[in-house]
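Structure first, commentary second.
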Amino acid sequence: SVEGLINIIKLELQSKSGNLKPFISLLEDRMKNLDRFIYDILNYSRNIRTSISIEKIEFESIISACFEELEYLNNAMKIKKTIKVNTESFFNDKMRVREIFRNIISNAIKYADTYKEINTIDINIKINQKEAKLSIQDNGIGIAKDVLPKIFDMFYRGSELSKGSGIGLYLVTQSVEKMGGRIDVKSTLGKGTEFIVQLPNRLEA
């Protein structure tokens, strides 16, 4: 795609009469897709070979950093966010917790229902000495019932709107499993999606 767009731009430059702006915009979009794909592949590789590293998790700072990192996505700045975390201490793998939030939040932004007056992402984290239960819920376009069982498969892209690598949610499941947790998803087409992640609290590690 990138090579093709570069060739078109070269032809437009030779003609001296073409409008390059739309082609440059498309080129930028393809480069962002390539960048995200490389990022996902590197994280997948790192997740496989890197052992668990236990440290205290500050959920608010991780979530804020994820939203800041994803500001470049369309409609990201328009989404209303609510974040609730109780004050119990939680210990597990910071890198993998971050990947879980980054990928799920990224999907919530990408698949926001722009026809709705307000787009929302509600994050609710309940921690006790045994575990943390993470709920990430949006009011986006939702996921069809026949697609729902496949969304965690590697390279699966369930919508014509999909622009990602198809690795993100697979990486989420791998991260959750590495940390000894579990993940569930609930979704209604046209209403939204909720991911529920349960992670053990490694207080004694």
Worksheet entry | Dipole in debye (nearest 20) - the chain, about Cα centre, beta carbon charges: Lys, Arg +1; Asp, Glu -1 | 120
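By how many nm would the segment from residue 32 to residue 177 grow when fully extended, if each residue of separation counts as 0.36 nm and the alpha-carbon distance is taken off?
Result: 49.3 nm gained on full extension.
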Discussion item. Please check: in the Gaussian network model of the chain (C-alpha springs, under 10 Å), which one of 86, 19, 124 has the largest mean-square fluctuation.
Written reply: 19
Worksheet item: List the GluC sites (Glu not before Pro) in region 44-110 that DSSP assigns to loop (not H, G, I, E or B) and whose Cβ has at most 15 other Cβ atoms within 10 Å. Which are they?
Response: 58, 71, 88
Worksheet item: With each label point set 7 Å from Cα along the Cα-Cβ vector, what nm distance links residue 42 and residue 68?
Response: 1.9
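Return the FRET efficiency for the residue pair residue 114, residue 203: r is the Cβ-Cβ distance, R0 is 45 Å, and the value is rounded to the nearest 0.05. Mind dumping the intermediate values first?
On the way: r = 42 Å, r/R0 = 0.94.
After rounding to 0.05, the efficiency reads 0.60.
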Worksheet item: Can you give me the relative contact order of the chain as a percent, contacts being Cα pairs under 8 Å and 6 or more apart?
Response: 21
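Per DSSP H run of n ≥ 4, the term is -39500 (n - 2.57); total these for the chain, divide by its residue number, and report the mean residue ellipticity at 222 nm rounded to 500 deg cm²/dmol. List each step's numbers first, then the result.
Details: 5 runs with 82 residues, N = 205.
Calculated mean residue ellipticity at 222 nm is -13500 deg cm²/dmol.
Kindly provide the chymotrypsin sites (Phe, Trp or Tyr not before Pro) of region 70-143 that DSSP labels as loop, not H, G, I, E or B, and whose Cβ sees at most 16 other Cβ atoms within 10 Å. Provide the component values of the computation, followed by the final result.
On the way: sites: 72, 90, 91, 101, 111, 115; in loops: 72, 90, 111, 115.
Passing both the DSSP loop test and the Cβ count: 72, 115.
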Response to the item:
With Cα springs under 10 Å, the Gaussian network model of the chain assigns the largest mean-square fluctuation among 174, 14, 129 to 14
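Solvent-accessible area per residue for the chain at a 1.4 Å probe radius, Å²? Show your work: numbers first, answer last.
Details: 11980 Å² over 205 residues.
Here the per-residue accessible area is 58 Å².
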Item to complete: Calculate what fraction, in whole %, of the accessible area of the chain sits on carbon and sulfur atoms when a 1.4 Å probe is rolled over the protein chains.
Response: 51
Fill in: Dipole of the chain, positive direction: furthest Cα of 169, 8, 19, with charges on the beta-carbon
8
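The values are calculated or read from the model by the stated rules, or taken from the named source; none is laboratory data. Given the structure is predicted, the values throughout are model-derived calculations rather than measurements. For neighbour counting, all protein chains shown are included, and Cβ atoms are generated from backbone atoms with ideal geometry for every residue, glycine included. Side chains included, ligands, DNA and RNA excluded: accessible areas come from the protein's heavy atoms. Shrake-Rupley method; radii C 1.70, N 1.55, O 1.52, S 1.80 Å.
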